[in-house]
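Chemist: One structure follows; several queries about it will come next.
The values are calculated or read from the model by the stated rules, or taken from the named source; none is laboratory data. Quick caveat, the model's predicted, so the values are computed rather than measured. Virtual Cβ from ideal backbone geometry, glycine too; neighbours counted across all protein chains shown. Protein only, heavy atoms only, side chains kept; ligands, DNA and RNA dropped before computing areas. Shrake-Rupley method; radii C 1.70, N 1.55, O 1.52, S 1.80 Å.
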Amino acid sequence: MSSNRVSGLPKKKSVLWEYVIGCLCNLCLINDERLKLFIVKEGGVKFLMNYWDSVSNVRGLEVAVELVRCLVSCHPIAEVIVSSGFWDGLCWI
């Protein structure tokens, strides 16, 4: 994940970011808690938040919703997502 994630994701690269999130989601399906914790430790929640804010159509959020679902199966990650305020943006789903 590059340093420009802080300023948001470039619109032109939204398809690329969708593939990245899809790959992370596939890794999470392995059900390895250490891997899920590593993804979050390396900025996965911030990355998801930036992606979520940059997507212009709801269909593009499907892969992000799936990754959130996979990540929150780990209790400490669920706490991070709730405490980060990301959950507030998800409540409309």
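Chemist: Can you give the translational diffusion coefficient of the stretch 19-93 in µm²/s, computed by Stokes-Einstein from the Kirkwood radius over Cα pairs at 37 °C and 0.692 mPa s? Please list the in-between numbers first.
Modeler: Details: Rh = 12.3 Å.
Estimated diffusion coefficient is 267 µm²/s.
Chemist: Another question, then. Would you grab the residues whose amide H sits under 5 Å from the one on V55? Only those 5+ places off in sequence or on another chain, please, with H modelled 1.01 Å from N.
Modeler: Here nothing satisfies the definition.
Chemist: Rolling a 1.4 angstrom probe over the protein chains, ignoring ligands and nucleic acids, what is the accessible area of E62 in square angstrom, nearest 10?
Modeler: Its accessible surface works out to 120 Å², give or take rounding.
Chemist: Could you derive backbone 3J(HN,Hα) for the stretch 28-44 from the dihedral phi with the Karplus parameters 6.51, -1.76 and 1.60 (θ = phi - 60°), listing whole Hz in sequence and x where the residue is Gly or Pro?
Modeler: 5, 5, 5, 6, 9, 4, 4, 5, 4, 5, 5, 4, 5, 4, 8, x, x
Chemist: Continuing with this model, one more query. Grab the beta carbon distance between C23 and H75, set R0 = 25 Å, and tell me the FRET efficiency rounded to 0.05. Walk me through the numbers on the way to the answer.
Modeler: Numbers: r = 24 Å, r/R0 = 0.95.
According to the calculation, E is roughly 0.55.
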